[in-house]
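None of the figures in this text is laboratory data; all of them are computed from the coordinates on show. Everything numeric in this text was worked out from a predicted model, so none of it was measured. Note: ideal-geometry Cβ built from the backbone for every residue, glycine included; neighbour counts use all protein chains shown.
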Amino acid sequence: MKNKNTITPTDKIYRLRGKETPLTFMLPTRNSNRYPLMYFDDENNVNRPLRYARNQKSPFEDEQDGYAILEPVIFEDGFLRVPKNNPVLQEFLHYHPMNGVSFVEVDKERDAQADVEVLNLEVDALIRAKEMSIEQLETISRVLFNKDSSKVSSSELKRDVLIFARSNPKEFLDTLEDPTLVVQGEIKLFIDKGFLTFRKNKQEVWYSTLSNKTRMLTIPYDEDPMHIIHSYLTSDEGLDSLKMLQKLISK
């Protein structure tokens, strides 16, 4: 069981989790079939029902007397402020099964650290994006945006990649670390240039070069075409085809 001594008597603020919060939210305050409020006491190996009553000295029903006065616990605009002179409610929220799921205690230091980590990630992503060459920008653009980068200016290309890096820093950095990135970009270019084409509702991939108009492979049902093409071209069987296609786009 959590040590009660760790619950310091200070004013506390709690907030609902999630980006969108209701104007008011009433927290379940007593154990019921609809809202089971049980806390497992691992020291005594027993489940203990919770109940909030301000005139009691404990949030555990088995420690309360028969004169419990129940009060609602309401979050307003997503927040609940509990002063230090209401330790029973603070303790009740501490043990509440929805703590950490539907609501959390506001911890400015922890939240600041999380913000710092996010900001550092954004900075790292923007630096990597800023240092990319035009060729690298074109490759990442094909992978991330699935569009022909030759149809946009270099300034537009750089702007789009920088915006994506700032908005999705983790996804951007993870993509850069993906060892398959270059080949994925090349595959999209093979398709953009018309050297590979889809037929039969994207169930078949065909070569479309001056010397080769044959079928390369069939896409299994419900599989990602790009993944299947990549797997084939990087296999021993498809390596010669990859080299041939790479020569065509380098001309």
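Return the label of the correct value of Rg/Rh (Cα atoms, Kirkwood Rh), as calculated from the structure shown, out of (i) 0.97; (ii) 1.24; (iii) 0.95. For Rg/Rh (Cα atoms, Kirkwood Rh), the calculated option is (ii). Treating only the Cβ of Lys, Arg, Asp and Glu as charged (+1, +1, -1, -1), what charge dipole size does the chain show about its Cα centre? Round to the nearest 20 debye. Around 820 debye, computed over the chain.
Around L23, under 10 Å between beta carbons, what's the net of Lys plus Arg minus Asp minus Glu among the other residues?
Details: positive: none; negative: E76, D77.
Surrounding charge for L23 is -2.
The residue list S141, G194, V205 was ranked by how far each Cα lies along the charge dipole of the chain toward its positive end, using unit charges on Cβ atoms, and G194 comes out on top.
What does the net charge come to around D192 if you take all other residues with beta carbon closer than 10 Å to its beta carbon, with K and R at +1 and D and E at -1? Write out the running numbers ahead of the final one.
Values: positive: R142, K147, K151, K188, K193; negative: D148.
Combined, the nearby Lys, Arg, Asp and Glu give +4.
Ranking S102, S150 by Cβ neighbours within 10 Å, fewest first, what do you get?
On the way: S102 15, S150 11.
Placing the least packed residue first, the sequence is S150, S102.
Helix 181-192 and the longest principal axis of the C-alpha atoms of the chain enclose an angle of approximately 60°. Its DSSP H runs of at least 4 residues, each contributing -39,500 (n - 2.57), put the calculated 222 nm mean residue ellipticity of the chain at -12500 deg cm²/dmol, to the nearest 500.
Using a 10 angstrom Cβ neighbour count of at most 16 plus a DSSP loop assignment to flag exposed GluC sites (Glu not before Pro), which longest range of the chain is free of such sites?
On the way: sites that count: E20, E43, E131, E177, E223, E237.
No qualifying site falls inside 44-130, the longest such stretch.
When +1 charges are put on Lys and Arg Cβ atoms and -1 charges on Asp and Glu Cβ atoms, the dipole computed for region 4-106 relative to its Cα centre reaches about 260 debye. Placing unit charges on the Cβ atoms of the charged side chains and taking the dipole of the chain about its Cα centre, the candidate lying farthest along the positive direction among G78, V101, S241 is S241.
Considering only Cα atoms, the convex hull volume of region 179-251 works out to 89 Å³ per residue. This model, with +1 at the C-beta of Lys and Arg and -1 at the C-beta of Asp and Glu, gives region 32-173 a dipole about its Cα centre of some 540 debye. Using a cut-off of 32 Å between Cα atoms, the listed pairs K108/K158; K200/K243; K202/K247 include K108/K158 as exceeding that distance. Loop sites here are chymotrypsin sites (Phe, Trp or Tyr not before Pro) outside DSSP states H, G, I, E and B with no more than 13 other Cβ atoms within 10 Å. The longest part of the chain free of them is 68-220.
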